[in-house]
């Protein structure tokens, strides 16, 4: 197991063209002085290989749902997709929360019609 540090690293990885997207497991670490940091565990795994306790960030959810950031934040504001943790400006969701929310709402991409 290897960890990657750094805020500029993309959170999702892709295999061959047309293959299933992969995600880095995220580990949230508490420092003794109270700071919280996120590390990415390599190698990347598919969504099904993530455990229920693994965290996904907003970039991961955009890939998983195949939607834009605008759509994702609309779901957060209007459909109750609640983050489990917030570190700085980043939102983190446990996989179990995402799966439960997806079963309940079955989200649809695109512009909502009134």
(1) in contact with a strand residue (DSSP E or B) (Cβ under 6 Å, 6 or more places away or on another chain); (2) surrounded by 16 or more Cβ atoms within 10 Å (Cβ to Cβ); (3) within 19 Å of residue 22 (Cβ to Cβ) all hold for residue 84 apart from (3)
For the range 55-88, what are the residues that are in contact with a helix residue (DSSP H, G or I) (Cβ under 6 Å, 6 or more places away or on another chain), within 11 Å of residue 98 (Cα to Cα) and either in a loop (DSSP other than H, G, I, E, B) or at pLDDT below 90 (or both)?
81, 84
Checked the range 5-38 for anything surrounded by 12 or more Cβ atoms within 10 Å (Cβ to Cβ), closer than 13 Å to residue 90 by Cβ and either modelled with pLDDT under 85 or under 14 Å from the mean Cα position of the chain (by Cα) (or both); matches are 11, 26, 28, 38
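The values are calculated or read from the model by the stated rules, or taken from the named source; none is laboratory data. All values reported here derive from a predicted model rather than from experimental measurement. Quick reminder, even Gly has a Cβ in these numbers, built from the backbone with ideal geometry, and neighbours come from all protein chains shown.
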